[in-house]
Amino acid sequence: GFVPGLFGTSHGALQFMAYEDLKERYNKYRNRVSDTKLNTVEYIMMAAISKIFAVVATYPYQVVRARLQDQHNTYSGVFDVIRRTWR
């Protein structure tokens, strides 16, 4: 479970990347300068959407990591976990 655990660090990076991209696209859509500050509702919406994106993108690795760390099952590796989980 250690190697898949390393992928967990990508969650924050993906969320930040998505937030910045959404903010830039939204400001462009509203014909504003790209670094214009968002109001409270806009900020909450961008944060929520970027969090959903990061969770959807990284949740599958959490399942693999948890199953590899489970002491009651024996897997031959990451691909075995993925194959057996998919089935």
Original post:
Just checking, which of Tyr19, Tyr29 is over 20 Å from the mean Cα position of the chain (by Cα) and aromatic (Phe, Trp, Tyr)?
Top reply: Tyr29
Original post:
Do the conditions hold for Arg25, that is, is it out of contact with any Pro (no Cβ under 7 Å at 6 or more places or on another chain) and not assigned by the TED database to the domain that holds Ile82?
Top reply: yes
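The values are calculated or read from the model by the stated rules, or taken from the named source; none is laboratory data. Keep in mind the model is a prediction, meaning the values are calculated, not measured. Cβ atoms come from the backbone with ideal geometry, glycine included; neighbour counts cover every protein chain shown.
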